[in-house]
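Derivation of every value follows stated rules applied to the coordinates shown; laboratory data play no part. Note that the structure is a prediction, hence the values are computed from the model and not measured. So basically every Cβ, Gly included, is an ideal-geometry build from the backbone, and we count neighbours across all protein chains shown.
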Amino acid sequence: MAESSVIKSLPERIRPRPVVIAPSESEADSRRWAGRRILLSGSLAVIALAGALAAGTIPRVQQQHELHAQATLAATQRPRVNVVVAKKMEPTAERILPGNSLPLKEAALYARATGYVSQRLVDIGDRVSSGQLLAVIDAPDIDDQLTQARANVEQARANLVKAKADQQFATSEEQRYRKLVLPKVISQEEYDTKVQGLGVANATVAAMEAAIKVSEAAVKRLADLQEFEKITAPFAGVITARNVETGDLITADSTSRELFHLMQTDTLRVFVNVPQVFATSIANGQGASVYRRDEPQKQYWGEVTRSANALEIATRTLLTQVDVPNPKDELRPGMHLQVKFQFDRKVFPLMIPATVLVTRSQGPRVAVLDKQNRVHYQDVVLGRDYGAEIQVVAGLQAGDTVVNHPGDDVPEGTVVEPVRPSK
């Protein structure tokens with residue numbers, strides 16, 4: 001530092017000049033290229049930043065212009081509302097009602113003879129023909145009583161032969177004594193005795209004939225009981241229940257134990273409760289389609305065969321029977337089935353969707369459009385409620401255009417642009 005101070009104190013003309021070492025040519029080029037790269041990188045960064053700003057600003061500006069344009073258009077346009085047209089029901093109506101299937105015939109078979117089951121010939125699921133033997137009951141006491149009754153008949157017939165012989169003898173005696181009483185050969189008392197004997201003989205013959213009839217009736221009764229030892233099918237069908245086994249003791253006339261249950265299933269009876277609105281349209285011979293809910297594409301044709309001809313007070317429905325042929329046994333008794341009817345309407349009520357109703361304190365109303373598409377709220381009188389649709393009794397006419405889902409955004413007198421449903 002002392003040397004530096006000395007140099008600075010000398011006059012400028014005699015101060016020593018600093019020695020400057022000039023850079024080489026290669027070092028100068030390197031510095032120039034480094035500066036250019038820095039300048040180029042800065043320019044690219046500025047351009048990229050400007051592009052990013054433009055990319056984020058331009059869409060936002062465009063979106064704001066579009067929103068402003070849409071808001072201006074919405075402010076000047078009429079409100080768009082969905083509309084429907086009130087129309088009358090079709091002249092024919094298709095209604096699907098639930099039904100219960102039952103066999104055409106069914107019978108519960110009980111025993112009329114007391115004894116033990118010696119044979120059981122069928123089981124559940126077996127198809128039997130009319131008169132086919134199902135089981136045999138062994139009742140030896142009935143057999144013995146029948147044998148005794150038949151012997152009594154033979155004995156009564158033998159006694160009748162003897163009584164008729166006595167009758168013939170008494171008749172001949174009466175005739176012979178009658179000839180002797182007039183010439184006074186015998187007394188009147190002797191003749192009266194023969195007449196009384198003839199009367200006794202005639203009465204004995206009549207009693208024997210009556211006894212034979214009594215014995216024959218006893219034989220018939222016991223023979224019928226003996227026939228009850230054989231349980232037979234009253235008609236052709238399928239065994240759906242079997243509650244007896246070989247060796248079981250069976251008591252006659254006991255309804256607590258059903259031996260077999262038999263059903264005829266080649267034709268099914270489907271019972272349907274038809275609502276009051278269609279009750280008068282039901283007629284015998286009317287066709288109907290029957291199907292299972294889980295297989296609606298497979299339908300079976302049936303026919304209305306009878307109805308109760310009176311409505312049930314509790315449900316206001318008409319009990320109707322539809323007979324359905326079932327030759328392939330594709331339907332089973334006890335199934336819950338769907339029955340489809342085609343009804344011809346005699347009255348064509350006006351219908352509207354339930355979604356057009358506006359509920360107010362003064363009652364139900366609908367928003368009706370006039371020819372200028374101006375909203376006017378009209379009071380209506382409603383009829384039957386079908387769920388998705390409601391019957392209108394008064395207040396509307398067929399062809400009136402009503403607003404669907406009017407809500408509270410469409411006040412009275414608003415001019416709207418109707419949007420009709422696409423077909």
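The figures follow:
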{"quantity": "Mean ellipticity per residue at 222 nm, deg cm²/dmol - from DSSP H runs of n ≥ 4 across the chain, formula -39500 (n - 2.57)", "calculated": "-12500 deg cm²/dmol"}
{"quantity": "Residue order, fewest to most surrounding Cβ atoms within 10 angstrom, among R365, R80", "calculated": "R80, R365"}
{"quantity": "Whole-angstrom gap from region 160-229 to region 271-297, using each part's C-alpha centre", "calculated": "72"}
{"quantity": "Packing-based exposure ordering (other Cβ within 10 Å, fewest first) of V85, V205", "calculated": "V85, V205"}
{"quantity": "Gap separating the Cα centres of region 231-261 and region 348-366, nearest whole Å", "calculated": "61"}
{"quantity": "Simple label model, 7 Å out from Cα along Cβ direction - T92 to T355, nm", "calculated": "2.9"}
{"quantity": "Set K162/K220; K105/K340; K105/K298; K162/K230 screened for pairs whose C-alpha atoms are more than 31 Å apart", "calculated": "K162/K230"}
{"quantity": "On Cα atoms only, tilt of 25-76 relative to the major axis of the chain in degrees", "calculated": "50"}
